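The values are calculated or read from the model by the stated rules, or taken from the named source; none is laboratory data. Everything numeric in this text was worked out from a predicted model, so none of it was measured. Note: ideal-geometry Cβ built from the backbone for every residue, glycine included; neighbour counts use all protein chains shown. Each accessible area value is taken on the protein alone, full model and side chains, heavy atoms only, with ligands, DNA and RNA left out. Shrake-Rupley method; radii C 1.70, N 1.55, O 1.52, S 1.80 Å.
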Amino acid sequence: MVDRLEYRFDAAHRLIERRDLQDLESSLRTARDEVLADVATAEADGSIPPERQPLDAGFLRLPETLLAEHAKSGAASLVGRIRTAAAELREQVDHVVLLGIGGSYLGARALFEALRHPHHNELPRASRDGIPRLHFQGNNVDNDALRGLLDLLATTRDASGPEGRWGIVVISKSGGTLETAVAFRIFREALEARVGTDDARRLIVPITGETGRLRDLARAAGYPHVFPIPDDVGGRFSIFTAAGLFPAALLGLDIEALLEGAAAMNGRFLAARFGENPVLDYVAVCRCLEEEHDMDIRVLSTWGARLEAVGLWYDQLLAESLGKEEQGATPITVVNTRDLHSRGQQHQEGTRDKLITNLFVEQPATAPIPIPVTPDDRDGLNRLAGKTVPDLLAAAFEGTNRAYAEADRPTADIILPRLDEHALGELFQMLMLATVTEGRLIGVNPYGQPGVEAYKRKMGEILES
């Protein structure tokens, strides 16, 4: 049996009345029923009622659907076609520029930073098992950053072999997001100038909706591989679509294990009882502390630098889904022990408006590094000789939780048994399910992004005036 993600919330219970949790249980079950009704509505033929629009609930069933299709159709399935196309691109290039913004790129970045070597891009190709270097752009309008990446790509060797070639993965559901669209035009022109239009066509992979500007452009250009983002899956919920799966396959990750982890979390969400259900329990703790103690800042405290991008992915998910109608907690990501020396003081003795949720991995992905013994013990570390770096992290984690408990600062823990595709699949699905469940609980539509659309309109008006 695969070890499972755990959500531990005993420390937070010190500030929560048991009656409040019990009172919330019935409402949470109703909210879960609403989430499932959203899925049924999204899957049904016919129009979505106006009061439910927008409705991008297709992410929930996607893991099981893709796994079943792959088991039935193999290489002809979406998972199979993604693997084939990713392998082709991987063999042809040594750099890939991934263009996207928000949910179109944050999931891929989270997977890259969590599961590939921390210095992947600096390693020679042989040490990377032929996996390309990955660069992220199209997520901002920073002239110097764009120019810097173009300069780097221009220094690659002769374009006749993979080590001198680069490709593009462009991800945009609508194709109308200006930051990504502008970056795609710039990088596409640079790639075509380097290798020619025909060769560039084979080195570009668009991932987009079934309709829209990018879909039209891809069709006109005749790109051999174009992958869909389903109409009923919103950008920030798209990590288990081609938007997340193609970059994962390009990086040599096990995309079936990623989907299996997500499917396993779906099973727990649907069947596990309150108190043993990570999704419902997480929402219950967050809501009780926000409603009863005004704790509307949620700190995701990641223990280890490789999980920071997971936190940034969650920041966007929570803020864009629930930050509406003058509601929604404010998400913040920190990395420990690094940020204990910058934010720890505030969390320990500042205003009491924060729930800290630790994200901790029990087993490191690499062999533990021991602290050596040295004859000259002027740094006083011989007393710790034989302890390992993971021992230090575990001690810091436990010590910080104890210190916060003594000061009545609530904490809860999301524990991953190890950092791998299955565990991350569980985590991503848990947080997406928790977000939409909380939205239905508080009466906020967790889908759509009215504030973002407003800035896009105003930006366009200014540029075209």
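Worth a mention:
- Restricting the range 424-441 to residues that are charged (D, E, K, R) and either closer than 21 Å to Thr30 by Cβ or surrounded by fewer than 24 Cβ atoms within 10 Å (Cβ to Cβ) (or both), the residue that is nearest to the chain's Cα centre (by Cα) is Glu438.
- Evaluation of Gly102 against (1) surrounded by fewer than 20 Cβ atoms within 10 Å (Cβ to Cβ); (2) more than 14 Å from Ile204 (Cα to Cα); (3) of a type outside the set (A, V, I, L, M, F, W, C) (one fails), failing number: (1)
- Condition met for Gly107 (in a helix (DSSP H, G or I), open to solvent by less than 20 Å² (accessible area, probe 1.4 Å) and at pLDDT below 95): no
- Qualifying residues in the range 340-359 (those that are in a helix (DSSP H, G or I) and touching a residue at least 24 places away in the same chain (Cβ under 8 Å)) - the one surrounded by the fewest Cβ atoms within 10 Å (Cβ to Cβ): Glu349
- Every residue from the range 180-228 that is within 25 Å of Ala249 (Cβ to Cβ), in a helix (DSSP H, G or I) and under 25 Å from the mean Cα position of the chain (by Cα): Thr180, Ala181, Ala183, Phe184, Phe187, Leu214, Arg215
- Of all the residues in the range 14-28, those that are in contact (Cβ under 8 Å) with a residue 40 or more places away in the chain and open to solvent by 40 Å² or more (accessible area, probe 1.4 Å) number 5.
- Odd one out for Asp408 among (1) outside any helix (DSSP H, G or I); (2) buried (at least 18 other Cβ atoms within 10 Å of the Cβ); (3) not aromatic (Phe, Trp, Tyr): (2)
- Identity of the residue in the range 380-405, charged (D, E, K, R) and either under 23 Å from Gly344 (Cβ atoms) or touching a residue at least 60 places away in the same chain (Cβ under 8 Å) (or both), that ends up least open to solvent (accessible area, probe 1.4 Å): Asp391
- Selection within the range 317-337: residues that are over 20 Å from Leu106 (Cβ atoms) and within 22 Å of the chain's Cα centre (by Cα). The member of this set that is surrounded by the fewest Cβ atoms within 10 Å (Cβ to Cβ) is Thr337.
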